[in-house]
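Working notes for the structure below.
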Amino acid sequence: MVKIAPSILSADFAKLGEEVKKLHNGGADIIHIDVMDGHYVPNITIGPMVVRAIRGYTDLPFDVHLMMDNPLDFVDAYIQAGASSITVHAEVLPHLHRALHYIKSVGAKAAVALNPSTPLNVIEYVMEDLDMVLIMTVNPGFGGQKFIPAMMEKIRKLADIRNKSGLSFPIQVDGGIGPDNIKHIVQAGADIIVAGSAVFKSDDVGAAIRAMKKEALQ
Ligand code: DX5
Ligand code: ZN
């Protein structure tokens, strides 16, 4: 069954706690938290103290997506703030294997994100160390962008490589996803869907989440 991980990047930042509670009550499976440092991506968003501030509004897992140049400097702070899973970008880590093991050593699930132009082979020798792979289907930095169609084949390829290797890490797909394309993305192999604008542009986030789950099953 596909899991929906709404991104709070598209939430009303003036009332983030209430927005998280709406996601909890609306049937979200995971809360996707987009952290941006203004260097790695041209936007600045959510620090550890904000994560701590919203932690008490739900017991859902906090999936923290670190779009930053020096993610390892902040892994501990986000975990202490309530993150249960940390996603780092392969593109900024020359020592990816060490980074993933560090994240696990401090008690979080370790995931890697790949930008649209990054080939799958960068994770070839760390696949067994991964708790999740995030396939970016937009260029990181903003919500509300269009899904990049070429990523469909990348999702299929990753699912095929994973299955042939006898591994079972979930494939998370992030960017430009809504009720009109979720079915094909899930059929291509996505297990967890991140959606920001598709969820928050509706005035009923629960209905938006339910609609996406229903479409995914068609
Ligand atoms: C983009 C973020 C995504 C984004 C998704 O850098 O990683 O999680 O918030 O937003 P939508 O669903 O609106 O594309
Ligand atoms: Zn994200």
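The numbers here are math on the coordinates, done by the rules we state, and not lab data. All of these numbers come straight from a predicted model, not from anything done at the bench. Here Cβ is always computed from backbone atoms with ideal geometry, including for glycine, and neighbour counts include all displayed protein chains.
Summary table
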read-out: Single unsatisfied condition, GLN80 versus (1) surrounded by 15 or more Cβ atoms within 10 Å (Cβ to Cβ); (2) over 29 Å from MET152 (Cα atoms); value: (1)
read-out: Unique match (being more than 13 Å from ligand 2 (Cβ to nearest atom) and surrounded by 15 or more Cβ atoms within 10 Å (Cβ to Cβ)) among PHE62, PHE74; value: PHE74
read-out: Subset of the range 85-119 (residues that are surrounded by fewer than 17 Cβ atoms within 10 Å (Cβ to Cβ), more than 16 Å from ligand 1 (Cβ to nearest atom) and among the small types (Gly, Ala, Ser)); value: SER105, GLY107
read-out: Any hit, the range 164-177, residues being more than 16 Å from ligand 2 (Cβ to nearest atom), within 23 Å of MET1 (Cα to Cα), of a type outside the set (Gly, Ala, Ser) and surrounded by fewer than 19 Cβ atoms within 10 Å (Cβ to Cβ); value: yes
read-out: Evaluation of ILE209 against (1) more than 16 Å from ligand 2 (Cβ to nearest atom); (2) in contact with a Leu (Cβ under 6 Å, 6 or more places away or on another chain) (one fails), failing number; value: (2)
read-out: Entirely in the range 49-161, the strands (runs of 3 or more DSSP E) that have 2 or more residues that are of a type outside the set (A, V, I, L, M) and out of contact with any helix residue (DSSP H, G or I) (no Cβ under 8 Å at 6 or more places or on another chain); value: 62-67, 85-89
